[in-house]
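One structure is given below, encoded as structure tokens.
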Amino acid sequence: MVEHGDIRVVHRGGSKINFREPVITNDSKFLLCASGECVKVFSTSTEECVHDLRGHTDLVTGVIIKPSNHLQAYSCSADGTVRLWDFTDGILIKTYVIGHPIYSIHASASHEGVVFVVTSMHADKRPDLLQLVAVHLPRSGDQMVEARELSAVLSDVSSNPLAIVFGRGGEYIASTKGLKLEVYLFRKQKAYSFFLKEDNKKGRRNTFTCVACHPKDDCIATGHEDGKIRLWRNFNQKKEYTYSTLHWHHSAVSSLCFTPEGTNLLSGGIESVLVQWRYNQEDQREFLPRLGAAITHITVSPDGSLFFTSHSDNKITIIQSCLKVSAAIQGLVKGESVTTDLMMDPRSKSLVLNGKPGHLQFYSLQRDKLLYNLDVVQQEYIHESGLQQFEVVKAAFDASGNWLATVEERKQKGAEVELNLKLWEFDEQTQSFVLNTTISAPHEAQITGMCFCHSTDNQTTMLVSTSKDGHFKAWQLDAQAHTEAADERPSWSCDFVGAYHSLVPECCCFSADGSLLAVSFQEVVTVWSTASWELLTTLSQPPKAIRNLCFGRLSCSKYLLGTTGNNLLCCWNLLTCSLEWSTSMDVSLLLADPISENMAAFCRQAGSTDLFVFKPSEPRPLFSQKAVCPGKVTRAIFAPREEMLESCEESSQWLNRSQLYFLTQHMDLMTFTTKVEEDRLMASSKQLVIDDSVAMTPFYLLLGKHRQQDSGDAQSGISTERTPLPQGSVAIKELLQTPAHVLPSTSFLCSMFVQSLLISVTEPREENKATEEEMESEKEEEDSEEEMESGTTRPEQAPLGRHAAESAAPALTKAQVRELRRVKKLDRSWFAGLLDS
Amino acid sequence: MASFKPTKIQVYPKLGEKVTQDTLYWKNYKAPVQIKEFGAITNIDFSPVAPHNFAVTAFTRVHIYGPFSQEPVKTFTRFKDTAYSGRFRSDGQLLVAGCEDSVVRLFDVSGKVALRMFKGHTKAVHVTDFTSDSYQILTGSDDYTCRLWDIPNATELNTYQEHTDYIRCGVTSKLNRDLFITGSYDHTLKMFDARLDKSVMTMDHGHPVENLLLYPSEGLLVSAGGRYVKVWDLLKGGQPLVSMKNHHKTVTCLSLGSNGQRLLSASLDRHVKVYNTTNYKVVHNFDYAASILSLGLAPDDESIVVGMTNGILSVKHRKSPEESKETSGQQRRKPSYRVFVKGKNYVPKQDDYLVSKPVKQHLAKYDKQLKRFNVSKALDTALETWLRRRKPEITVAVIKELDRRGTLKNALAGRDEQSLFHLLNFLIGNLVDPRFAPVLVTTAEMILDIYRSVIGQSPVVDRQLLRLQDLLEREIDYQKDLLEVLGMLDTMFASSIPRKEVPCSGISRSNGLGQGEASTSRPQLQAT
């Protein structure tokens, strides 16, 4: 076994941002989302992730703004701690250790120094019996504090944070679980419970799903599984409570929210329609339909101008209060499974997989951002559970990225499978894929595999699809020959249909040069010539069916690798048509690196997955790692790197040119990194410290750089020798602070302004020193400007002047040199003065 | 908020022939004028001069029709027996015709009585023609001879006795007064030179020759006989160029159209085929009611005249440009249309401030209903008379969309007699269409499930259901027959394709699986 010193598995991108409701800061500038083990801070104006608050060691289960200080936020986690953050700077202030896993966190302004958390207090840790506990946060200066002062408020509460809410600024707390609504009045220290019947006559389900309290009135709104919303009033008596019912949703109400003034109630559910009810005039409602996916949480900004809805497709939509979508923060969409394989778009170098229903998503791994969604199905998606709709099940790119093939499938009970094969052509003008050909019912049964011919020299592109109906079909782009109408573009048509002994084909694979096609029919691998469609040879390793099939690349292209159901990895040599070697391992996934000879095999071993990286020609693996992750790895991809790594260590060389990404059972996107890479990442992240409250404009970058440089100068201590810059000059101050409309014309002011900037030079020695200093600082400045690539006129002048001063100095007369320096000094000081004032 | 995605209407490939320039050209004729003659029409000849009258030889008469008249403008009836081969001279003044009684008659087009009678043949004369100098007549007869006659003297100039069977066709050269070609039932074509006493060229057609045609350049000769149309290169000494077998009965007549660009052949199989004379491929096909004996094409393809065995003369005139435009042109726009396009082509000036208006998405009626989840109304709009008659694919697409939304049952239920009648009518009309069958079969099943309890209450609906049942039974029988044919074909193919051995290596025992039968077929798949 090979040592693997510095390679480790890390989470990479695509984290979930819709797990808990997003928290909006008081100034509506930032959005805090619990995302895995960290809290992400998004800017609402640019939709970019500003920074991550890292520190928790388990899933973050809740985030709230500290009621007494709106610049700090609490977060709770399943690791049993509550942490206090300064989210503008991303600093961890304090950690309160509770000791039990926390499911949600609540706080109100009227309870200073207390947070309410939902946790299981019992020693046996039965997860179904949860309590709402008030935690008195001890005041101490330490970073790590243990919070011991706990008092139970309510027992048997729901783990869903939407089921507990404070009312009227903390006068009471409402909690729902199952069919019970419980209201705890802090003033009376008394809890009232209200029960609903299991179901009424029509068999509807009355279970509570969420709760919201009116900010001004004594009114609690509850959402129910049957789509009803009940408004409870008069609940501070046991008997005389009343409720009214609103019904628009046809399935469960997943989130409710009152606007801060209490004039409107917002509700959302699986229909993906945001409904706005007018409070006290509930028959007046407004709708915002087709938000894309089921609404899971709704939040309103403190001033009521923005609504935030998080959706089941890992998206947060920002909606203006006039019900207009203004922006969306979209994360990597992860459904229950990746039906299409992981793929790389050869053009954008983005990861492609199925995303929203009926869409393919293009996800940039470098920027950890969703680039765009390609609507494959092009049908209105009906947001209703239990409805079978078209899903993208297969997709493939050709080598150049010009063509994309997608298969969509709809399976209905008791009906035939509906299949569509679509071929998309990349359009240079719109920079997206345009539908070229739709083939309805390309096969009679489900398609099991699909691949493009990857050779680049071939004139015609070819696609092969295998299906459970026992056939594989080759599709080819028609030549222009027999299309008589000029406007007709070439389209795809079937070129060949092949079968073998009426067995079911499973995998298909083209050789590196595209001359051979290998199709596995259960335990038999058939090799076909793509030029003549002749069956060349058959290879077999009974008794189990072939699971994966892969041709070697580059120098190993004579090898064909396959894995079988009875834990064999076989390598056939196609020159001799014989088995070269085989080894016994339970390979769940085999894939080839497209730009090197390396192949990766994920093997199942005692509940976890091992990784082997090898070359088909060599018996020894290049790299192996035991227990990469628990569970089975079903999807993985080699992504080519943008810039090569220069790692000379043998075990990590395979990561030099490409990176291996894989999806675990729990749909986490992981990758392998080396130490070299991590170091580089750390270095680059340190450079990127920018004040995030200011928008990033080229002008801002320019100013920011100069400010840094100036402060650097000040530290170096040489600047004390420099002549004082006229930043304190009264004239400039006056000029810059007077409103523009009361100033005289610019032409009149200009000469005066320049005069005021001029510094009378008396001592030549001092001047000399200063000039040298200037030259140095200019050099720096020039470098920084090059980095920025922002075109200003100054750097063009500066090298000229320096050149003259350094090399052509002897040729010039003293007076000329002085004149030159004077000009240079003038220029510089004016600029710096402007910057500083 | 994404916009509503309208229902996807499946585009089906058009079945049948492809629309080419030729199909458009040859389809651009009016409905044919049918004229009943007394007997089988054996010959049609167009006058070479201006009004382009045509002479129709049928039974014992030769009629001359004007270009647009339904009645003959002139009739020659002075034949003792069946007349044959009435032909105009190149100036359109004289007409010659043979007869069953072996006498050849020459008429003045304006007169009635024969100007000259040429007697000498001993049997029926089927071929007559003027030579290019207009002073001589060529005749061919069933007595195996062909003769040249002098018109002014009505005397026989020469007799050629080389054929060994009936002579039934012949042409004279338009460029050389001495050359003519005859075709005979002895399968040969012979070219004669009047300056010599014997044939100068002989070609073997292989079948009794029915008709001959010379290209205007006279370099190529086309002959029809049996099921074949053959083209000969006269300049290469009668070398056969092309042999075409596109008819399934004897080809009886040939004609050139579009200034020699197209060749037409008519046959006893009731078809007229149009060939491209550059590649000799069939570009168009006409169907007629009866076996065709004669065919004539007016200059510039202004009209196609076809004579058939049942004595019906069919005349098709070309549509004038206005007429053809009327049918293919767009529908007249409503006056309100102008209101909507007002200002559409206005280009903003440089310093204009442009206020962009949100583009309103236009939705079809059924989509508007679908957007509001009004499923029954959506189905109603899709079943409107115009839509279900003219565009069944839209109706089917809406039904499919409803099925996808899981609300088809709701949309189908609760209908009254009238709307159920329309629905069933639509099903009966389109159920067996292979494009729509998968969708409509489930719909039909659902309808039967929903309305099972009310069967027998409405005679109208019951009658429709019986019709549906009848239709399905017929379709099942039809499918059975098709499967039988498919089975037969499979057996035939299996026995005709030689089995090929697949190379397999004997090195590794595990690879020693037998050869595979690779079934190779190229199905026609619908691709849009």
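The values are calculated or read from the model by the stated rules, or taken from the named source; none is laboratory data. Keep in mind it's a predicted model, so treat the numbers as computed, not measured. Note: ideal-geometry Cβ built from the backbone for every residue, glycine included; neighbour counts use all protein chains shown. Please note that ligands, DNA and RNA were not included when accessible areas were found on the heavy atoms of the full protein model with its side chains. Shrake-Rupley method; radii C 1.70, N 1.55, O 1.52, S 1.80 Å.
Just checking, which of A:356, A:349 is touching a residue at least 24 places away in the same chain (Cβ under 8 Å) and either touching a Ser or Thr at 6+ places or on another chain (Cβ under 9 Å) or open to solvent by less than 20 Å² (accessible area, probe 1.4 Å) (or both)?
A:349
Please pick out the residue among A:536, A:568 that is within 23 Å of residue A:464 (Cβ to Cβ), out of contact with any Lys or Arg (no Cβ under 7 Å at 6 or more places or on another chain) and either free of Cβ contacts under 8 Å to residues at least 60 places away in the same chain or more than 12 Å from chain B (Cβ to nearest Cβ) (or both).
A:536
Quick check: is even one residue across region A:71-83 more than 17 Å from residue A:41 (Cα to Cα) and in a strand (DSSP E or B)?
Yes, because at least one residue in region A:71-83 is more than 17 Å from residue A:41 (Cα to Cα) and in a strand (DSSP E or B).
Can you find a residue in region A:592-599 that is out of contact with any Leu (no Cβ under 7 Å at 6 or more places or on another chain), part of a strand (DSSP E or B) and either open to solvent by 30 Å² or more (accessible area, probe 1.4 Å) or over 22 Å from residue A:637 (Cα atoms) (or both)?
no
Let me spell it out: the conditions are (1) in contact with a helix residue (DSSP H, G or I) (Cβ under 9 Å, 6 or more places away or on another chain); (2) modelled with pLDDT under 90, and residue B:390 meets all of them except one. Which number is the exception?
Result: residue B:390 passes all but (1).
At least 2 residues that are among the charged types (D, E, K, R), within 14 Å of another protein chain (Cβ to nearest Cβ) and loosely packed, with under 15 Cβ neighbours inside 10 Å in each: list the helices (runs of 4 or more DSSP H) lying fully within region B:403-458 that qualify.
In region B:403-458, the matching helices (runs of 4 or more DSSP H) lie at B:437-450.
Any chance region A:272-294 includes a residue that's within 18 Å of residue A:385 (Cα to Cα), within 14 Å of chain B (Cβ to nearest Cβ) and among the basic types (Lys, Arg)?
Yes - at least one qualifying residue is present in region A:272-294.
Among helices (runs of 4 or more DSSP H) lying entirely in region B:342-396, which contain 3 or more residues that are open to solvent by 100 Å² or more (accessible area, probe 1.4 Å)?
Counting at least 3 such residues, we get B:385-390.
Pairs under 7 Å by beta carbon, first residue of a type in the set (S, T, N, Q) in region A:405-417, partner surrounded by fewer than 15 Cβ atoms within 10 Å (Cβ to Cβ), six or more apart or different chains?
Close Cβ pairs satisfying both conditions: A:412/A:388.
Within region B:336-352, is even one residue in contact with a Leu (Cβ under 8 Å, 6 or more places away or on another chain) and within 27 Å of residue A:417 (Cβ to Cβ)?
No, region B:336-352 has no match at all.
Mind listing whichever residues of region B:187-211 are aliphatic (A, V, I, L, M) and more than 23 Å from residue B:293 (Cα to Cα)?
B:191, B:194, B:196, B:200, B:201, B:203
Take region B:292-319 and flag every residue that is open to solvent by 40 Å² or more (accessible area, probe 1.4 Å) and part of a loop (DSSP other than H, G, I, E, B).
B:302, B:309, B:310, B:319
Looking for whichever is crowded, with 19+ Cβ neighbours inside 10 Å and over 23 Å from residue B:300 (Cα atoms) here; the options are B:59, B:76. Which one fits?
Result: B:76 is the single residue among B:59, B:76 that is crowded, with 19+ Cβ neighbours inside 10 Å and over 23 Å from residue B:300 (Cα atoms).
Which residues, counting only those in region A:49-89, are in contact with a Phe, Trp or Tyr (Cβ under 7 Å, 6 or more places away or on another chain) and open to solvent by 50 Å² or more (accessible area, probe 1.4 Å)?
A:49, the sole residue that qualifies.
Checking residue B:261 against (1) open to solvent by 10 Å² or more (accessible area, probe 1.4 Å); (2) modelled with pLDDT under 90; (3) within 24 Å of residue B:131 (Cα to Cα): exactly one of these is not met. Which one?
(3)
Could you please find all residues in region B:84-142 being of a type in the set (A, V, I, L, M), open to solvent by less than 30 Å² (accessible area, probe 1.4 Å) and in contact (Cβ under 8 Å) with a residue 24 or more places away in the chain?
B:94, B:95, B:96, B:97, B:104, B:106, B:114, B:124, B:125, B:127, B:137, B:138
Please pick out the residue among B:200, B:282, B:272 that is out of contact with any helix residue (DSSP H, G or I) (no Cβ under 6 Å at 6 or more places or on another chain) and crowded, with 21+ Cβ neighbours inside 10 Å.
B:272
Could you figure out which of (1) closer than 30 Å to residue A:461 by Cα; (2) within 14 Å of chain B (Cβ to nearest Cβ) isn't true of residue A:383?
(1)
I need every pair where a residue in region A:12-28 that is under 29 Å from residue A:664 (Cα atoms) has its Cβ under 6 Å from the Cβ of a residue that is at pLDDT below 85 and part of a loop (DSSP other than H, G, I, E, B), sequence separation at least 6 or different chains.
That search, which allows pairs on different chains as well, returns A:13/A:368; A:14/A:332; A:15/A:36; A:17/A:331.
Looking at A:332, A:423, which is the one that is surrounded by 20 or more Cβ atoms within 10 Å (Cβ to Cβ), over 25 Å from the mean Cα position of the chain (by Cα) and either of a type in the set (Asp, Glu) or farther than 30 Å from residue B:372 by Cβ (or both)?
Being surrounded by 20 or more Cβ atoms within 10 Å (Cβ to Cβ), over 25 Å from the mean Cα position of the chain (by Cα) and either of a type in the set (Asp, Glu) or farther than 30 Å from residue B:372 by Cβ (or both) holds for just one of A:332, A:423, which is A:423.
Which members of region B:109-130 meet the condition of being within 28 Å of residue B:209 (Cβ to Cβ) and of a type in the set (Gly, Ala, Ser)?
Matches in region B:109-130: B:120, B:124.
Here is a check on your reading of the model: is residue A:290 outside any strand (DSSP E or B) and free of Cβ contacts under 8 Å to residues at least 40 places away in the same chain?
Answer is yes for this residue.
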